[in-house]
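Below you'll find the structure, written out as structure tokens, and then a few comments.
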Amino acid sequence: MSRQGQITDSNISEVLHPAVESLDLRDCDISDNALLQLYNCKQLKKINLNSCKENRLGITSEGVIALALSCPYLCEASFKRCCDITDSGVLALALNCQFLQIVNLGSCSGIMDASLQALGENCKFLHSVDFSSTRVTDDGVVALVSGTCSKNLKEIHMERCVNLTDVAVEAVLTCCPKIHIFLFHGCPLVTGRSNHAGSKKSNYFLTVSSCSLEEHTILVNNPKQIVTY
């Protein structure tokens, strides 16, 4: 039902129960009001609120805080294009959902360095994070990859972040020994120095310079090499 986009604030209660573990709400017209109804979903482990095309305006930090307080075993939280979420919502997730493994904050324009710092300090199981098209700076990335999750991070998406420089790229390559997928194309302040630094890594990863993420299956089998398109 949720995949068909039929869930709304008014009928979500019909699919909620204490044993629910996953909610796919990508195409559903919902707001914070729906998240406020998750108070009995203590076993929820995965929620997908990504918006595929347009910005989602109804989900704010108020709803994310309610989600975090209701669902302590959350492992995967996706909020792509939920542009009204701010650092306070991510802080609540980081403090209350310490089993988080996958977080998607892509195009969440309200996200700043405090969000990455909170995830780095509190979420040791985090292995995949997307903060592409946000206003984070090098300080936020350094705080993330220097935190408790540094040895588990395998996938980082930070493409189209206009404030990031080679400092952020090199911090990831230095602090994350398991990094496997690493995207930082479209960051105008990142130079060729980062490609050179990446070529020294023994892990596999791919950086794309001028194409959309959706067009690629990111799988690199050649060690010690960055592939740039």
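The values are calculated or read from the model by the stated rules, or taken from the named source; none is laboratory data. Since the model is a prediction, treat every value here as computed from it, not as a measurement. Virtual Cβ from ideal backbone geometry, glycine too; neighbours counted across all protein chains shown. Ligands, DNA and RNA are excluded from the accessible area calculation, which covers all protein heavy atoms including side chains. Shrake-Rupley method; radii C 1.70, N 1.55, O 1.52, S 1.80 Å.
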Carbon plus sulfur fraction of accessible area for the stretch 3-146, probe 1.4 Å, in percent: 49
Inter-probe distance in nm under a simple model that places probes 7 Å from Cα toward Cβ, at residue 39 and residue 124: 3.2
Heavy-atom SASA rank of 10, 31 (probe 1.4 Å, accessible area, largest first): 10, 31
Solvent-accessible surface (1.4 angstrom probe) belonging to residue 160, in square angstrom, nearest 10: 100
Inter-centroid distance (Cα atoms) of the stretch 106-157 relative to the stretch 62-86, Å: 15
Residue 11-residue 109 FRET efficiency (beta carbon distance; Förster radius 25 Å; 0.05 resolution): 0.25
Order of exposure, largest accessible area first, which applies to 121, 54, 159 with probe 1.4 Å: 54, 121, 159
Three-way shape label, the stretch 42-108, alpha-carbon gyration tensor, a/c 1.5: prolate
Rounded accessible area of residue 8 (nearest 10 Å², 1.4 Å probe): 40
Filter on 80/178; 53/80; 42/154 - keep pairs with C-alpha separation over 18 Å: 80/178; 42/154
Residue 180 accessible area, 1.4 Å probe, all protein chains in place, Å² to nearest 10: 70
